[in-house]
Amino acid sequence: MSNADELSKLADLHQRGVLSDEEFAQAKARVLGGIGGGTYGDPGAAGPAASELHNLRRSRSDAWVGGVCGGVARFTGVPAWVWRLLFIALVLCAGSGFLLYLLLWIFVPAE
């Protein structure tokens, strides 16, 4: 739902007397300020864990193939060699590690 739709619904509720002036002002500020529910793709509207996820980047300095393991290592605090072993173990288990690595390589931006 877009901000305009949400503001329109809030105005309708306020006009019908469902929302008081103070409640309407708070809800309007929440919609315009990106606090709370928000819209899809708005990092300010997400919780702290989701906004922290935006810090995940592929590493340029600690990269063997695509920098995924180095980036995940920096993000989690676990050494890169542990992540490399984990991905290799997953590759040996029906190739799921290759698919996961490929998806991370495609969707996680570089530093």
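The values are calculated or read from the model by the stated rules, or taken from the named source; none is laboratory data. Computed from a predicted model, the values in this text were never measured in an experiment. When we count neighbours, we look across all protein chains shown, and the Cβ atoms used for this are built from the backbone with ideal geometry, even at glycine. With ligands, DNA and RNA removed, areas are computed over all heavy atoms of the protein, side chains included. Shrake-Rupley method; radii C 1.70, N 1.55, O 1.52, S 1.80 Å.
Key figures for this structure:
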{"quantity": "Modelled FRET efficiency - R0 41 Å, residue 2 with residue 78, Cβ distances, 0.05 increments", "calculated": "0.55"}
{"quantity": "Probe 1.4 Å, all protein chains present, accessible-area order of 98, 75, largest first", "calculated": "98, 75"}
{"quantity": "Calculated on alpha-carbon atoms, Rg and Dmax of region 56-99 in Å", "calculated": "10.2, 30"}
{"quantity": "Residue 22 - accessible surface, heavy atoms, 1.4 Å probe, Å² rounded to 10", "calculated": "130 Å²"}
{"quantity": "Residue-level accessible surface for residue 74, protein heavy atoms, 1.4 Å, Å²", "calculated": "130 Å²"}
{"quantity": "Exposure of residue 61 as accessible area (Å², to 10), given a probe of 1.4 Å and all protein chains", "calculated": "100 Å²"}
{"quantity": "Gain on full stretching of the segment that runs from residue 12 to residue 94 - 0.36 nm per residue minus C-alpha separation", "calculated": "24.0 nm"}
